[in-house]
Amino acid sequence: MKQFSAEEKGFHGTIKAVVEIDEAKGQINKVWAENVTPNTIGAAGIATWLEKANQTKSVEIDAVSGASISTGALRKAAITAANQSKVLSIKENVDIVSGASQSGSNTVKAGIPEPANYPLLKDEITEYDVDTYENEFDVIVVGAGGAGLAAAATAAENHASVMVIEKQGIAGGTTNYSGGVIQAAGTNLQKETTQFQNDTPENHEREYMKAGEGRVYQDLVHDFTQNSPKNIAWLAKMGIKWTNVYGHTEIPYAKDYFADRIHVYENGGASGNGIILTQHLLNYSLDLGAKITYNTAVVGLITNNTNNQR
Ligand SMILES: Cc1cc2nc3c(=O)[nH]c(=O)nc-3n(C[C@H](O)[C@H](O)[C@H](O)COP(=O)(O)OP(=O)(O)OC[C@H]3O[C@@H](n4cnc5c(N)ncnc54)[C@H](O)[C@@H]3O)c2cc1C
């Protein structure tokens, strides 16, 4: 076995790919990455990429959508490393625009692959239009962002069989790019770390309603403010370590209801730290038996509308 390595710049810094090759057999034995910044979208994508590379003993694995900068860099570095061995000659086939592999693209315009798009189907599809269902689940969640993963976790906790369908190659969606901070009123942490000892979800709701100037949906605000403390505790159960609470700038016409309510967890608070939340939600859901399918866009719903029976 011989090891070869090469480096490429990923989203958070330079990633090193190490490829172990069995030169006698002329094949890749193992691939791994070094200098990966933990708790980042890139790290989640790299874990996915390496799993596929090691399963297939190949470095010609497509970059992972949703984490294509870092996994594209790893792919490039791994191919460069593998080609240092005289027994392999792998062609680098990467889209210079997106950093992702060109394989799988449908159309090419002026030499550039067009991004895949998944418009929703306009026609209604009924169960009479499809022959068979391959699988059946109690709950199907469309999209593995914060909202979808929370729904999946709740359904799985309640013993439903759950399938999450995600169009990207990793879970997390926009939530991965967020700071992951969550506002809540009346928690123990708020009492321990701020001067706001008597804050309540009702106060929190009043602040949002005032600040929203009549343009926010009260049922949603009510639901959010009432359940936020429970959600903080629920996420703690999954391993999120809440560390401190701070406040936003006071809004002059809502200041009667102001309090420090922004809850931050360990390693959270900066853009991109939301990945910590989504990974906890994902792993918790998977541990409870939920399933997830990646790289699959939902384009319509199959209904049992009997009017459309053929
Ligand atoms: C930079 C930034 C910082 C932020 N910081 C905070 C913060 O600290 N605290 C806070 O509370 N909010 C914050 N927000 C707002 C917060 O991130 C969003 O409101 C929240 O992430 C939305 O979650 P979601 O689950 O609705 O959507 P997403 O997280 O975007 O999830 C939607 C998912 O659905 C998938 N999807 C879409 N269509 C399909 C389809 N047809 N088939 C299959 N899958 C599909 C997407 O790929 C995606 O994974 C921030 C936002 C940004 C951009």
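The values are calculated or read from the model by the stated rules, or taken from the named source; none is laboratory data. All figures in this text were calculated on a predicted structure; none of them were measured in a lab. All Cβ positions, glycine included, derive from the backbone under ideal geometry; neighbour counts span all protein chains shown.
Scan segment 267-295 residue by residue and report those that are polar (S, T, N, Q) and in a loop (DSSP other than H, G, I, E, B).
Asn267, Ser271, Asn273, Asn295
Right, Ser85: in contact (Cβ under 8 Å) with a residue 40 or more places away in the chain, over 17 Å from the mean Cα position of the chain (by Cα) and either in a loop (DSSP other than H, G, I, E, B) or crowded, with 24+ Cβ neighbours inside 10 Å (or both) or not?
Yes; evaluated as a whole, the condition is true for this residue.
Is it the case that segment 282-289 has a residue that's exposed (fewer than 15 other Cβ atoms within 10 Å of the Cβ) and assigned by TED's automatic domain parsing to the domain that holds Ala171?
yes
Between residues in segment 210-230 that are closer than 16 Å to Ala185 by Cβ and residues that are of a type in the set (D, E, K, R), which pairs lie under 6 Å by C-beta distance while being six or more apart or on different chains?
Val221/Glu205; His222/Glu205; Thr225/Glu205
Would you mention how many residues in segment 251-310 are among the small types (Gly, Ala, Ser), under 14 Å from the mean Cα position of the chain (by Cα) and within 13 Å of the ligand (Cβ to nearest atom)?
Here the count works out to 3.
Can you name every residue in segment 149-206 that is among the small types (Gly, Ala, Ser), within 13 Å of the ligand (Cβ to nearest atom) and assigned to a loop (DSSP other than H, G, I, E, B)?
Residues satisfying the conditions are Gly169, Ala171, Gly172, Ser178, Gly179, Gly180, Ala184.
Which condition from (1) part of a strand (DSSP E or B); (2) at pLDDT below 95; (3) among the β-branched types (Val, Ile, Thr) is the one that Val18 breaks?
Going through (1) part of a strand (DSSP E or B); (2) at pLDDT below 95; (3) among the β-branched types (Val, Ile, Thr) one by one, Val18 breaks only (2).
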